Amino acid sequence: MNLNADIIKEYYMKGGFCMNSSSMAGIMFGIFSSGLILALFVGSYLIQAFAYYKIAEKAGLENRWIAFIPVLQVIIMLHVIDKSAWNILLMFIPFVNVVFAIIWYYQFFKAFGLETILIVLSFIIPFVALGLLLYMAFSENCLYQGTNRYQESL
């Protein structure tokens, strides 16, 4: 028998699983890269959650803690532009959801006085949107310019 046939026979005799150094390196790389990707997702989520929290604080919204619940973060955006949380249901209608998302995000950015060119860039380049969100949240120069029915009573 030749060498390849011996390897195949040994592979099947051991139950169909053959571990060598290259497969072990592949498994270790997969675990490391999966962990790295997970850490990046968690880190970006926390940055975005803190930004939404600060935006809700600037807008004087009640229930700022919603910023830390992944799907409900949209409620903060809707309350900043004085829309009810029930508007989320429009996001389940195909094609309508895209139109309303664009309109709402435009109104959201405009509520903090951002220029239209920056808003358009944020739709084209996602990292610009994250940068604008951080600017809106943490900059002293960017103030909430609207009023809404969801603001705290003083």
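Annotations
- Looking across segment 73-87, just one residue is surrounded by fewer than 19 Cβ atoms within 10 Å (Cβ to Cβ) and within 10 Å of residue 111 (Cβ to Cβ), and that is 82.
- Options 52, 45: the member that is closer than 23 Å to residue 146 by Cβ and either part of a helix (DSSP H, G or I) or touching a Phe, Trp or Tyr at 6+ places or on another chain (Cβ under 7 Å) (or both): 52
- Unique match (being more than 17 Å from residue 79 (Cβ to Cβ), of a type outside the set (Asp, Glu) and modelled with pLDDT under 90) among 20, 63: 20
- Selection count where residues are closer than 20 Å to residue 142 by Cβ and either touching a residue at least 24 places away in the same chain (Cβ under 8 Å) or aliphatic (A, V, I, L, M) (or both), scope segment 59-106: 14
The values are calculated or read from the model by the stated rules, or taken from the named source; none is laboratory data. In this text the structure is predicted, and so the values were computed from the model without any measurement. As a convention, Cβ positions derive from the backbone with ideal geometry for all residues, glycine included, and neighbour counts pool all protein chains shown.
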